[in-house]
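Below is one structure, written out as structure tokens, with a few remarks after it.
The values are calculated or read from the model by the stated rules, or taken from the named source; none is laboratory data. Everything numeric here is computed off the predicted structure, so don't read it as measured data. Here Cβ is always computed from backbone atoms with ideal geometry, including for glycine, and neighbour counts include all displayed protein chains. Note: accessible area is taken over every heavy atom of the protein model, side chains too, but ligands, DNA and RNA are not part of it. Shrake-Rupley method; radii C 1.70, N 1.55, O 1.52, S 1.80 Å.
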Amino acid sequence: MSDNNHVINDLEHLFWSLNQILNQITKCYLADKGLSMPRFWVLRRLSLEKPMTIGDLHRQMYLAPATITGLVDGLVENGLVNRYRDETDRRVVYLKLTPQGKALVDEVLNYRIAKLKAALESQGNADTAQLHSCLEGLYDWLHDSVRKK
């Protein structure tokens, strides 16, 4: 493996490891609230979009419809998500966060941001704006390459 490939391989592993650690920190926080990581990701996805159907959620999260239905059922039971029918087509059922669901997403995201901020600050004079710009560029390029397929 060339030196550059070795560095890129290490970088890929580092991205994966950072994601794993941040998710583990989040799982512990969510466990105190009786919420699983998959349910949080459903809440997070719903917080980013206008109301959506289970089919929309299934396509965006790459999970089986039955899995999404099970996750949503639990969130509805806990009062974090509402289901409602389209007024013009009663066959269509939309999902929307409740105020309690929105507050929980905001709380968890603020917790994750505080953890990430503390980690970045521990690096001293790291240029977070430059890091952000670089990572955003990587994301955009990879995202575009997926959409082209």
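Checked against (1) more than 13 Å from the chain's Cα centre (by Cα); (2) at pLDDT 95 or above; (3) in a helix (DSSP H, G or I), Gly79 passes all but condition (3). Residues that are farther than 25 Å from Asp32 by Cα and open to solvent by 70 Å² or more (accessible area, probe 1.4 Å) within the range 102-127 comprise Glu121, Ser122, Gln123, Asn125, Asp127, listed in sequence order.
Quick grid of which residues meet (1) part of a helix (DSSP H, G or I); (2) touching a residue at least 40 places away in the same chain (Cβ under 8 Å); (3) basic (Lys, Arg):
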residue	(1), (2), (3)
Leu95	no, yes, no
Glu107	yes, no, no
Ala119	yes, no, no
Gly124	no, no, no
Gln130	yes, no, no
Leu135	yes, no, no
His143	yes, no, no
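Among the residues making up the range 61-82, those that are surrounded by 12 or more Cβ atoms within 10 Å (Cβ to Cβ), more than 13 Å from Leu43 (Cα to Cα) and of a type outside the set (Val, Ile, Thr) are Leu63, Pro65, Gly70.
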